[in-house]
1. Could you grab me the full set of residues in the stretch 193-241 that are within 28 Å of MET253 (Cβ to Cβ), open to solvent by 20 Å² or more (accessible area, probe 1.4 Å) and touching a helix residue (DSSP H, G or I) at 6+ places or on another chain (Cβ under 7 Å)?
2. Report the residue count in the stretch 361-374 for those that are closer than 29 Å to LYS3 by Cβ and either without any contact (Cβ under 8 Å) to a residue 12 or more places away in the chain or not hydrophobic (A, V, I, L, M, F, W, C) (or both).
3. Hey, any hits in the stretch 271-278 for a residue that's crowded, with 19+ Cβ neighbours inside 10 Å and at pLDDT 95 or above?
4. Being touching a residue at least 60 places away in the same chain (Cβ under 8 Å), open to solvent by 10 Å² or more (accessible area, probe 1.4 Å) and closer than 20 Å to ALA386 by Cβ is the filter here; which residues of the stretch 305-360 pass it?
5. When you check GLU74 against the structure, is it away from the ligand (no atom under 15 Å from the Cβ), closer than 25 Å to ILE416 by Cα and in contact with a strand residue (DSSP E or B) (Cβ under 8 Å, 6 or more places away or on another chain), yes or no?
6. Please work out if THR169 is among the polar types (S, T, N, Q), within 16 Å of the ligand (Cβ to nearest atom) and open to solvent by less than 50 Å² (accessible area, probe 1.4 Å).
7. Cβ-Cβ below 6 Å, separation at least six or inter-chain, first residue in the stretch 135-162 and within 19 Å of GLY181 (Cα to Cα), second hydroxyl-bearing (Ser, Thr, Tyr) and away from the ligand (no atom under 16 Å from the Cβ): which pairs?
8. For residues in the stretch 118-136 being open to solvent by 10 Å² or more (accessible area, probe 1.4 Å) and among the aliphatic types (A, V, I, L, M), which is farthest from the ligand (Cβ to nearest atom)?
Amino acid sequence: MDKSRLYIEGGRRISGEIKVQGAKNSVLPILAASLLTSGTSRLRNCPALSDVFSSCRILTSLGCKCRQDGDVLEIDAGKLSDYEIPEQLMREMRSSIVFLGAILGRLRRCRLSFPGGCELGPRPIDIHLSGLRKLGAKITEDHGVLDCTLPGTVTGAIINLTLPSVGATENIMLAAAIGSGETVIQNAAREPEIADLAGYLNACGADIRGQGSSTVIIKGVSKLHGAEYEIMPDRIVAATLMGAAAITGGELMLTGVRPQDMNSTLSAYEQTGCDLYQYADRIYISAKKRLQAIKTLRTSPYPGFPTDCQPILMAVLTRAKGTSMIVENIFENRFRAAAELRRLGADIKAEGKVAVIEGGDKLSGAATVATDLRAGAALVIAGLAADGTTTVSNVHYIDRGYQAIEAQLRSIGAKIKRI
Ligand code: UD1
């Protein structure tokens, strides 16, 4: 059990320059994709996250070799031998479902336990499974275990997703990359991480077009080789660091980012009255003026405002002048930060999909509990602006997506330590 806590002495202005880590939501599917290749891949800009280590444990259990040296991760998938993911490894990480498409694509058989719910509520995989069935997969479920086979070669299909699910789009791309026909995914997720996965697969010899748009076309190839690839920057971590600057009235230069992937988030910070300057691979944010409420902030699939950034903005809006409303359209349990933020004195009412934040009053330090990854990050951000000491327990959630969060924040002026 993880007993560590973050201790934050609030009230210090964030300022300085910081390089943003590689994207968790990109590296995880790319790690799964690496086992479609019969060679060695070298991933650069790979963040040191507990979810990355869990993925490596899955790869190793299947017969791959993983070696991490700083931010470079090498995976040798030449001797993939097993098609079954042990249940305890599946439980470590909900996004392990993306291994299904990759293992099926390479070995034509895969067994894994059905991912249950998670901190964010039920996480169904019906769209993943119906897409894989359209590719020819036979799938049975027995006592929570999925047994999938993909007889013969994938000859292509037209798959219309009922929702633009990120994970389903990735699973179908992975299962269809090796084959002899053309697969078209309609209503595909358009997240930049999908384009990053396609970028890696194409570097390995795949033939994928349309990534980043709602029609992705995968022309099956006979095999894939290893490749060297740089993981894209994490736009959620970038948004979190911007939140740290905004809530403390600070200023920050983020480097190694892609502002063009972050339009809806940048626009939200602009609406709070922050000054933003965008450069090719940098974003400067300055929060010298009083923060303003955002009338309505709605989460939606990309290019809409990301659900992962919602708790961060919720924390920031607790300090803004006026009433803000957030409508959460993606995950039903994404307001779990609200109850913990209230411990710091925030005035937030949340019911169903809607949260109303009466911003303004000072926050004051308290003992809080991270209930999931982004709620945990939101509490840290709020703690930076609260009077006195805030503690955040359940830090293991935060470690899933933020590389050494306390060291990162210390380097830009925060007083924060892990005990
Ligand atoms: C990915 C991200 C996650 C982000 C989410 C939405 C990774 C590792 N995780 O998660 O951080 O919050 O996208 O941008 O990349 N749904 C179904 N049936 C399905 C699949 C999904 O009903 O078979 C629903 C979900 O309940 C949810 C919505 O579709 O309401 C979006 O889910 P999805 O895009 O699949 O999210 P993930 O891929 O799990």
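The values are calculated or read from the model by the stated rules, or taken from the named source; none is laboratory data. Keep in mind it's a predicted model, so treat the numbers as computed, not measured. Glycine also receives a Cβ, built like all others from the backbone with ideal geometry; neighbour counts cover every protein chain displayed. Heavy atoms of the whole protein, side chains included, go into the accessibility calculation; ligands, DNA and RNA do not. Shrake-Rupley method; radii C 1.70, N 1.55, O 1.52, S 1.80 Å.
1. GLY212, TYR229, ARG235
2. The initial filter retains those residues of the stretch 361-374 that are closer than 29 Å to LYS3 by Cβ, namely 363-374.
Filter once more, keeping what is either without any contact (Cβ under 8 Å) to a residue 12 or more places away in the chain or not hydrophobic (A, V, I, L, M, F, W, C) (or both): 364-365, 368, 371-372, 374.
Qualifying residue count for the region: 6.
3. First, pick out the residues of the stretch 271-278 that are crowded, with 19+ Cβ neighbours inside 10 Å: 272, 274.
Cutting the leftovers down to at pLDDT 95 or above gives us 272, 274.
Yes, because at least one residue in the stretch 271-278 is crowded, with 19+ Cβ neighbours inside 10 Å and at pLDDT 95 or above.
4. Correct list: ARG319, ARG336, GLY359.
5. Working: away from the ligand (no atom under 15 Å from the Cβ): yes; closer than 25 Å to ILE416 by Cα: no; in contact with a strand residue (DSSP E or B) (Cβ under 8 Å, 6 or more places away or on another chain): yes.
Taking the combined requirement at face value, the residue does not satisfy it.
6. Values: among the polar types (S, T, N, Q): yes; within 16 Å of the ligand (Cβ to nearest atom): yes; open to solvent by less than 50 Å² (accessible area, probe 1.4 Å): yes.
Taking the combined requirement at face value, the residue satisfies it.
7. What qualifies is LYS138/THR149; THR153/SER180; THR155/SER180; GLY156/THR183; ALA157/THR183.
8. Applying the filter and picking the extreme gives LEU135.
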